[in-house]
Amino acid sequence: MKHKGELTSTVVVSNRISEKKGGRTNRNFRGGEALLLGSIIPIALVLVWEILSRIGVFPAYQLPAPSTILETIRQMAQDGSLWNHIGITTYRVFVGFVFGTIAAVILGSLVGFYKKAEQLFDPMIQAFRSIPSLAWVPLFILWMGIGEPSKVTMIAVGVFFPVYLNLVSGITGVDRKLIEVGKMYGLNTFQLIKRVILPAALPSFLVGLRSGLGLGWMFVVAAELMGASKGLGYLLVLGQNTLSPETIIASIILFAIIGKLSDWILKLIEKRALRWQDNLVQS
Amino acid sequence: MSLEVRNVSRSFDGKKAVNNISFFAEPGEIIGILGTSGCGKSTILRAISGLDSGYDGDIAINGNVEKEIQDTTGFIFQEPRLFPWLTVLDNVTFGLKGDKDDKITSAKAYLKNVGLEESGGLYPRQLSGGMAQRVAIARALVTSPEILLLDEPFSALDAFTKMQLQDLLLDVWRAYQSTIILVTHDIDEALYLCDRIIILRGQPGELHKEIKIEEPRPRDRASKQLAAHKAEILESLDLNLKTS
Ligand SMILES: Nc1ncnc2c1ncn2[C@@H]1O[C@H](COP(=O)(O)OP(=O)(O)OP(=O)(O)O)[C@@H](O)[C@H]1O
Ligand SMILES: [Mg+2]
């Protein structure tokens, strides 16, 4: 982005532009180089692991070879169960994430905008926050059974707190000086919220969303470990019960991949929404 | 528009910050407010703007006593205060109402006035300090404020940019005949720009002296008359002399 700005502000001289273009490809190449460097050690480790497994240093019933794990994933993909498990887990995280975010946005805006609401709700929410969220699990299961509602609720609880806290601090932290500028232009309260406070609180809100999503993935594991007949968390339990470590590790790897993928999507949104920021997305 | 400040006092937590200030600005007049730090210059400006309504006394615009924020009043703050999420162009159109194309056209005209017609697509983080301040000036001027309040608008700039922007302010003033209240620490700036200079003194700040600068514009920054005024102002600001 910075590059683009420089371009528009320089006097347009053609050889200067080509110089810049050269700079850009160079930078892309550097990105590739960084990727390459970063993957050397993981690839080497996987290779060593594969070799050690093949010659029998790691017993297969404890740590199967990477190729075995890949084969497990491939088989599940072939008989279709893989998509089923991934689908249901992603679905749970997504629904929990949406509900948790909605609740956080409603309560967070109230608390952020109204002093009275802050005095009313915030102490209670802070008190609830100090309870480790997983401690709710038995209660939710007792209330809602072992089906979807209790799982989604758990995930939503996990997502709620980071989103709520970041939104509130974003709203209350808006620079008063900018609000004064808005007032000088005769904006009413609603316009002030829409045109000044919300955009100013957006970065903090997006940080909340990303850490909320991370917690969502953590909580889906817990929820599915409690009892489920489908999902990646169920694969973990299944692998444990059938003594097949390759299923467990396959599930872990899949968690890592879709977790990273969903975070990447949010990061992309963040990058687009916060183009104006000085320090672009700190990963 | 004329502006009248009548017996304005302002206390913070029972402690007086300014005491009984009165002055009158003719339509199209440029008034400078000078005074040592903490004597209440910003406080008066905020009262006039309507951002602060906790003062005693009256402020009348065109003869009407008002406490609310007027949308005919523009305020250029000491810092640029640009919205970081808006481009330069969007920052300038921020306070405009009406048709989008019209807004963009007039914003572009003002950006050109401040010498930034090329920079409309940049974000504030990409601007230098002086550019940002010029954007803030364009943003305040584009709404054609009939009263323009400036709180040390050029104080953070280097001498050269400062002089450029002072001349720009005079150009704009000539074109739109705004009434301008300029708070400044810089005596030379006040002498160069103002029709009248009001000197505040003491804590709480009180009106100490009004000096009329008759020199025709364009003024010579180094002229003898201005130097004489400068000596007079320095003398009145000197807190060791007893007030009379
Ligand atoms: N919001 C506030 N709360 C309490 N006291 C204040 C507030 N604003 C200003 N004051 C007090 O009022 C007095 C005048 O402040 P003001 O900001 O008007 O000074 P100033 O003349 O603009 O000074 P400077 O030249 O340093 O900007 C100061 O003593 C300050 O402490
Ligand atoms: Mg001040």
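Of note:
Residues are listed down the side, and each one gets a yes or a no for (1) within 14 Å of chain A (Cβ to nearest Cβ); (2) among the small types (Gly, Ala, Ser); (3) away from ligand 1 (no atom under 14 Å from the Cβ):
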site: B:2; (1), (2), (3): no, yes, yes
site: B:20; (1), (2), (3): no, no, yes
site: B:23; (1), (2), (3): no, no, yes
site: B:61; (1), (2), (3): no, no, yes
site: B:65; (1), (2), (3): no, no, yes
site: B:77; (1), (2), (3): yes, no, no
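- Only one of B:150, B:157, B:165 that is at pLDDT 85 or above and either away from ligand 2 (no atom under 13 Å from the Cβ) or buried (at least 17 other Cβ atoms within 10 Å of the Cβ) (or both): B:150
- Filtering the range B:25-54 to residues that are more than 13 Å from ligand 1 (Cβ to nearest atom) and at positive phi leaves B:28, B:50.
- Annotation for the range A:96-105: no member residue is among the aromatic types (Phe, Trp, Tyr), out of contact with any His (no Cβ under 6 Å at 6 or more places or on another chain) and without any contact (Cβ under 8 Å) to a residue 24 or more places away in the chain.
- Restricted to the range B:1-50, the set of strands (runs of 3 or more DSSP E) holding at least 1 residues that are closer than 18 Å to residue B:189 by Cβ and within 16 Å of ligand 2 (Cβ to nearest atom) comprises B:30-35.
- Considering the range B:157-203, the residues that are assigned to a loop (DSSP other than H, G, I, E, B) and more than 23 Å from residue B:48 (Cα to Cα) include one that is nearest to ligand 1 (Cβ to nearest atom), namely B:157.
- Hits in the range B:110-131 (condition: more than 15 Å from residue A:278 (Cα to Cα), in contact (Cβ under 8 Å) with a residue 12 or more places away in the chain, more than 7 Å from chain A (Cβ to nearest Cβ) and part of a loop (DSSP other than H, G, I, E, B)): B:114, B:115, B:116, B:120
- Filter pass, residue B:81 being at the interface with chain A (Cβ under 10 Å from one of its Cβ atoms) and either at pLDDT below 90 or at positive phi (or both): yes
- Test: residue in the range B:55-76 that is at pLDDT below 95, of a type in the set (A, V, I, L, M), away from ligand 2 (no atom under 16 Å from the Cβ) and within 22 Å of residue B:142 (Cβ to Cβ): yes
- Residue B:97 being within 12 Å of another protein chain (Cβ to nearest Cβ), among the charged types (D, E, K, R), assigned to a loop (DSSP other than H, G, I, E, B) and away from ligand 1 (no atom under 16 Å from the Cβ): yes
- Residue match in the range A:170-190 (condition: touching a residue at least 40 places away in the same chain (Cβ under 8 Å), buried (at least 17 other Cβ atoms within 10 Å of the Cβ) and more than 10 Å from chain B (Cβ to nearest Cβ)): yes
The values are calculated or read from the model by the stated rules, or taken from the named source; none is laboratory data. Just so we're clear, the structure is a prediction, and the values are computed from it rather than from any experiment. Please note: Cβ atoms are built from the backbone with ideal geometry, for glycine as well, and neighbour counts cover all protein chains shown.
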